[in-house]
1. How many residues does region 295-308 contain that are without any contact (Cβ under 8 Å) to a residue 60 or more places away in the chain and either within 11 Å of the ligand (Cβ to nearest atom) or surrounded by 14 or more Cβ atoms within 10 Å (Cβ to Cβ) (or both)?
2. In region 244-278, what count of residues is obtained for those that are more than 16 Å from the ligand (Cβ to nearest atom) and over 15 Å from the mean Cα position of the chain (by Cα)?
3. For region 359-377, check the following and say yes or no: at least one residue is modelled with pLDDT of 95 or more, surrounded by 15 or more Cβ atoms within 10 Å (Cβ to Cβ) and touching a strand residue (DSSP E or B) at 6+ places or on another chain (Cβ under 7 Å).
4. Quick one: Ala135 ticks every box in (1) of a type in the set (A, V, I, L, M, F, W, C); (2) in contact with a helix residue (DSSP H, G or I) (Cβ under 8 Å, 6 or more places away or on another chain); (3) in a helix (DSSP H, G or I) except a single one, so which number is it?
5. Looking only at region 182-197, count how many residues are more than 21 Å from Leu137 (Cβ to Cβ) and either touching a residue at least 40 places away in the same chain (Cβ under 8 Å) or small (Gly, Ala, Ser) (or both).
6. Which residues, counting only those in region 1-57, are part of a helix (DSSP H, G or I), surrounded by 10 or more Cβ atoms within 10 Å (Cβ to Cβ) and not aromatic (Phe, Trp, Tyr)?
7. If I filter region 233-240 for residues that are buried (at least 20 other Cβ atoms within 10 Å of the Cβ), more than 15 Å from the ligand (Cβ to nearest atom) and modelled with pLDDT of 95 or more, do I get at least one hit?
8. Given the criteria within 20 Å of Gly394 (Cα to Cα) and modelled with pLDDT of 95 or more, does Arg160 qualify?
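The values are calculated or read from the model by the stated rules, or taken from the named source; none is laboratory data. Computed from a predicted structure; not experimentally measured. Glycine also receives a Cβ, built like all others from the backbone with ideal geometry; neighbour counts cover every protein chain displayed.
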Amino acid sequence: MPESNRTATLTFDNKSIEMPIYSPSVGPDVIDIRKLYAQGDVFTFDPGFTSTAACESSITYIDGDKGELLYRGYPIEQLAEKSTYLESCFLLLYGELPTTTQLRDFVHRVTRHTMVHEQMHYFFRGFRRDAHPMATLVGVVGAMSAFYHDSLDINDPWQREVAAIRLIAKLPTLAAMAYKYSLGQPFVYPRNDLDYASNFLHMCFSVPAEPYQVNPVLAKAMDRIFLLHADHEQNASTSTVRLAGSSGANPFACIAAGIACLWGPAHGGANQACLEMLREIGTVDRIPEYIARAKDKNDSFRLMGFGHRVYKNFDPRAKVMKESADEVLDLLGIHNNETLKVAKELERIALEDPYFIEKKLYPNVDFYSGIILEAMGFPTSMFTPIFALSRTVGWISQWKEMLGEKDQKIGRPRQLYVGPTKRDYTDIAGR
Ligand code: ACO
């Protein structure tokens, strides 16, 4: 915790409470309200955590007004251009960019853990064939607790480390298996001679009956998608992982909780929802109708892939993702696709429309990632599993950071209770 040399004073009901103010290395100051209840007998009220820092962290920093995202201080644009996903994983997990030897060792460790317990293949077969891959993924990641007993002790730093490597290494395998299962195709074993992204494409798109050559441009784009999604500060799924972990739950259970939270359309599920929306709009001439619906207070429809809780200028990941989208579409010769035309026109109109400008609603990362993933051949149902596998390193880094805290406490928010006051039970006949 940084030193505090300033205080904020809260005065109410003849009480005056002094609270320390801490200055972060960058970003808004934080008022420490931890003594507020003990000294003032009041809670704070902040549903949605719009003004609440729930933890101290040194992993990722976002400046929503500047459109800045830093992993351990390094701008996302530089990492996207110069780094790789696994190098950035090392950075997120351990705090510094690796040396050549450290990177080689880390890549080796991850690569040697890509296979999953053979019995997990049978576990998969319990799911309905048409299960959404996210449903399968939540289940099998939670079930890893049943397969890897030797990395469940959260008080043992070595076991925490093994669990972290296992999760980063096995998530692509499990996500690819979820996909293959939904297609009715045989599972494809990982290939340790391929890099992380190429191996994932291999496990998703190859079949035993014929050779499959990974396209290096697609592998690079895939790696970049992983990197851009690797961490994002205290978002909903990360906070879920922290909250689950704060009770001492095992790492596989915590990551399964994060995957469940990510699934929602307001969060990681937005990439699937966005592409489905583009398809539903169908043709450029129908865009005004959807823009009108998005603005209508009585219509719950929102333009998926637009807006962000923190970014109020632009989403820096979206900028990089847009470049990648252009590269991939060029490579695949996709120029006249109707969905793409709708996306481009929607983006143009929304960026010029006063409603979107006033509310600071810009295309977010999900707006472009879906376009690339579709061009690569992934069905929309795989978009969120791909997000989940990319984010696993962020979740596990934040989980490890939390467990390393000196005074780590179980997360336990309070409430503004508005229900009935105490009353006596009435017998059913008298109700
Ligand atoms: N389309 C139309 N209007 C919108 C949109 C949108 N996509 N997003 C926000 N608004 C409007 C709201 O109606 C609200 O209007 P009001 O002030 O008149 O009531 C205002 O903008 C503020 O919106 P909030 O919901 O209060 O903003 P919040 O920060 O809570 O929500 C969120 C952020 C959930 C991302 C929201 O913008 C949204 O639902 N977007 C679509 C889903 C999406 O793309 N999610 C992906 C986020 S990125 C990620 O998780 C990787």
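1. Matching residues across region 295-308 total 8.
2. 10
3. no
4. Status for Ala135: all satisfied but (2).
5. Going through region 182-197 one residue at a time, the tally reaches 2.
6. Result: Leu36, Gln39, Gly40.
7. no
8. Working: within 20 Å of Gly394 (Cα to Cα): yes; modelled with pLDDT of 95 or more: yes.
Answer is yes for this residue.
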